[in-house]
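Okay, so here's the structure we're looking at.
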């Protein structure tokens with residue numbers, strides 16, 4: 001008997017890196033992750049709370065242990081949402097700065113056969129040219145831009161040096177073809193929610209119910225965070 005041929009070629013695994021302070025992680029983050037998971041058929045999204053992002057204002061962050069615990073709680077209901085310590089501070093300190101290019105390179109080493117996406121917000125992508133080694137970063141993986149109403153693809157195209165754009169690919173209304181990668185606009189979900197607003201509500205003793213996952217709300221209340 002002849003061996004059966006595989007009916008389909010094996011699909012390349014796809015993963016995404018979703019970084020941020022997550023101070024705290026909220027339902028807007030989860031909605032973006034779910035939309036990206038569906039659109040790009042992702043096998044996993046790694047949520048990376050950062051000890052100290054280089055572009056954030058120098059405000060006091062909740063302790064890394066708290067932020068990581070909240071990410072773990074938010075991810076618990078989805079087997080493809082994975083909390084990551086890739087940007088954890090050494091020995092749980094709070095001052096180490098991680099750069100995205102270094103994080104992506106680390107994931108490249110650890111996941112050499114997967115297609116890698118990098119999830120970020122519209123405002124962050126518009127400032128990509130200020131990031132460390134941004135040209136290497138743009139070459140290193142695909143990007144998923146969580147957009148908002150009023151943002152047009154052309155604005156994101158203008159944030160990229162012309163020589164890094166693909167000269168042969170046809171224009172797509174939801175994607176920018178780069179010389180070695182692509183930037184995809186995620187327009188199926190958006191939210192006015194922000195971690196800043198949630199912290200402000202807590203400081204003013206207002207409810208954050210339905211703004212963060214229920215286990216995260218419970219954690220914030222029990223730990224008396226953001227008061």
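Couple of notes before you dig in:
- Counting residues in the stretch 190-206 that are in contact with a helix residue (DSSP H, G or I) (Cβ under 8 Å, 6 or more places away or on another chain), within 30 Å of residue 135 (Cα to Cα), assigned to a strand (DSSP E or B) and in contact (Cβ under 8 Å) with a residue 12 or more places away in the chain gives zero.
- Selection status of residue 69, at negative phi and outside any loop (DSSP other than H, G, I, E, B): yes
- In the stretch 140-156, residue modelled with the lowest pLDDT [restricted to those that are over 17 Å from residue 19 (Cα atoms) and surrounded by 15 or more Cβ atoms within 10 Å (Cβ to Cβ)]: 151
- When residues of the stretch 161-184 are limited to those that are surrounded by 15 or more Cβ atoms within 10 Å (Cβ to Cβ) and within 19 Å of the chain's Cα centre (by Cα), the one farthest from residue 101 (Cα to Cα): 175
- When the stretch 32-66 is limited to residues that are part of a loop (DSSP other than H, G, I, E, B) and touching a strand residue (DSSP E or B) at 6+ places or on another chain (Cβ under 7 Å), the one that is modelled with the lowest pLDDT turns out to be 50.
- Residue 91 meets the stated requirement of being over 15 Å from residue 53 (Cα atoms), at pLDDT below 95 and either touching a strand residue (DSSP E or B) at 6+ places or on another chain (Cβ under 8 Å) or in a helix (DSSP H, G or I) (or both).
- Taking residues in the stretch 131-156 that are within 16 Å of residue 108 (Cα to Cα), and partners anywhere that are loosely packed, with under 15 Cβ neighbours inside 10 Å, the pairs with Cβ atoms closer than 6 Å and at least 6 places apart or on different chains are 139/180.
The values are calculated or read from the model by the stated rules, or taken from the named source; none is laboratory data. Just so you know, these numbers come straight off a predicted model, no measurement behind them. Here the Cβ is made from the backbone with ideal geometry for all residues, glycine too, and neighbour counts use every protein chain on show.
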